[in-house]
Structures are given as structure tokens and as C-alpha cells.
């Protein structure tokens with residue numbers, strides 16, 4: 001390969017790596033901006049189960065807004081951390097079907113629209129992440145598909161960075 005061809009290949013690799021870094025930076029910027037505007041740590045949630053069909057479908061992307069728990073009402077759809085032993089690191093998305101105040105904390109009874117029975121617990125206001133503001137149909141499918149690919153994608157990015165670094169530092 002000629003020196004000119006090697007420079008072109010090196011430049012293409014570097015441009016590719018730069019595009020990946022730029023895409024990650026834009027994604028993080030959107031996440032942090034949405035968190036700030038919507039006043040919630042988790043502004044985007046992807047529906048992963050059919051418990052809310054037909055209202056919400058698997059793969060729908062939800063935009064979540066932080067709310068004062070006292071402003072939530074029966075009928076609202078909320079995102080929450082279920083109590084132990086139901087908490088497996090994934091927030092749930094269900095509808096409020098009842099509300100009560102106990103020892104200065106609001107608690108909610110929730111149920112998935114497609115479920116026969118309500119959830120077997122009351123959700124404390126401290127476990128509420130936020131209220132579903134908007135639904136974007138099917139936009140979250142990519143996230144569900146790539147969820148198992150997190151480690152391979154990170155490995156691929158590091159390999160590409162290594163290849164780019166090696167190509168730059170090679171002096172033939």
C-alpha cells in the first residue's frame with residue numbers, strides 16, 4: 001500500500017472513531033438536558049413488557065417528567081421502583097388505581113392495564129421516578145435489541161480506538 005493510501009485509511013478510521021465519540025456526546029447531552037428540563041433522573045424509559053397493552057406497547061419510548069408525588073392522581077401512569085423482592089433493577093410502568101396517605105407519605109396502588117390483578121404492594125412516593133408525559137411508539141425497540149450488546153459495543157469501540165491509535169503511531 002502506498003503512503004497516500006495508508007494516510008487515507010488512517011483518516012477514514014479516525015473520522016469513524018470521531019463520529020462514534022460525537023454520537024455518544026450528543027446522546028449524553030440530550031439525556032442531561034432532558035433530565036434538567038423534566039426534573040427527573042430518568043427522562044426516557046422503554047416499555048419492556050406487555051403489562052400496559054393496549055395503552056403502551058413493548059418498544060414504546062416514554063418521556064417521563066418528575067412530579068411532586070402529592071400531585072399524582074388515580075388514572076395517572078407512573079414509572080416507579082417496586083419494593084423488594086420485586087425490584088430487579090428495572091423500573092415498572094403502571095397506572096395508579098388508588099391513593100392513600102400513611103404516616104405523612106403518599107402511597108399508590110398500581111396495576112398494569114393488561115394485568116388481571118393490581119400489583120401486590122403499595123408504591124411509596126419515595127419510589128416514584130416520575131409520571132409518563134408522552135409516548136413515542138416503537139422508538140425504543142433499538143434500545144431493547146441493543147441491551148444485551150452493551151459489553152460487545154464497548155469492546156468494539158475500544159478496538160476501533162486501538163486500531164486508530166496503532167495506525168497513527170506506525171512509522172513505516
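The values are calculated or read from the model by the stated rules, or taken from the named source; none is laboratory data. From a predicted model like this one, the values you see are computed outputs, not experimental measurements. Backbone-built Cβ (ideal geometry, glycine too); neighbour counts: all protein chains shown.
Residues are listed down the side, and each one gets a yes or a no for (1) closer than 18 Å to residue 131 by Cβ; (2) surrounded by fewer than 18 Cβ atoms within 10 Å (Cβ to Cβ):
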position: 18; (1), (2): no, yes
position: 67; (1), (2): yes, no
position: 72; (1), (2): yes, no
position: 78; (1), (2): yes, no
position: 83; (1), (2): no, yes
position: 87; (1), (2): no, yes
position: 98; (1), (2): yes, yes
position: 118; (1), (2): no, yes
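Any residue that is surrounded by fewer than 18 Cβ atoms within 10 Å (Cβ to Cβ), under 22 Å from the mean Cα position of the chain (by Cα) and at positive phi - is there at least one of those in the stretch 100-114?
no
Would you point out which residue out of 17, 21, 37 is in contact with a helix residue (DSSP H, G or I) (Cβ under 6 Å, 6 or more places away or on another chain), in a helix (DSSP H, G or I) and at pLDDT 80 or above?
Sole residue among the options that is in contact with a helix residue (DSSP H, G or I) (Cβ under 6 Å, 6 or more places away or on another chain), in a helix (DSSP H, G or I) and at pLDDT 80 or above: 17.
Would you check if residue 84 is in contact (Cβ under 8 Å) with a residue 40 or more places away in the chain, outside the structural domain of residue 30 (by TED's automatic domain parsing) and on the phi < 0 side of the Ramachandran plot?
No, not satisfied.
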